[in-house]
Amino acid sequence: MVAKSLFESNINNQKIYKAIDLFAGIGGIREGFKRAFGDAIEFVFASEIDKHAKESYFLNYNEMPKGDITKIDAKDIPKHDILLAGFPCQAFSVAGHRKGFEDTRGTLFFDIARIASFHKPRVLFLEIDSYEEFIENFN
């Protein structure tokens, strides 16, 4: 619903939305947003820690993602309207022993919160494979 209303508002005023891509992998989430928003979205920052994923991202988009998000100050990330994040789900899954925030990978969620708190984007899009397992960590 949120993406649709942003898209509809773009038709009326031709606004270009600025987006960042955290835990970017090879750019799958970016690709979906690029297809949905077309020329109405500009990606201004990406972060990925895996060397091979970064290389693939570069081949896909001619942009090299920055490295470890835990070491990047929020003020060094450009202003944006949309924050995309496909953060690691292993910490919340059965395969990762459901350690949640007790697992370092699970704490990466707080880096998303840190950046969102600083920039206050209009949209947060968080992709995680198992929503139920993630939510259980908040209870």
For this session: Please work out how much length the chain gains when fully extended from Leu124 to Lys79, using 0.36 nm per residue of separation minus the C-alpha to C-alpha distance, in nm with one decimal.
Result: 14.8 nm
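Quick check: net charge around Lys120, other residues with Cβ under 11 Å of its Cβ, Lys/Arg +1 and Asp/Glu -1? Kindly include the intermediate steps, with their values, before the conclusion.
Details: positive: Lys79, Arg122; negative: Asp81.
It works out to a net charge of +1.
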Exercise. Under a plain spin-label model, where a point goes 7 Å from the Cα along Cα-to-Cβ, how far apart in nm are Phe110 and Ser56?
Worked result: 3.0 nm
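All of the numbers you see were taken from the coordinates with simple rules; none came from a lab. Fair warning: this is a prediction, and the values are worked out from it, not measured in the lab. We place every Cβ from the backbone using ideal geometry, glycine too, and count neighbours over all the protein chains shown.
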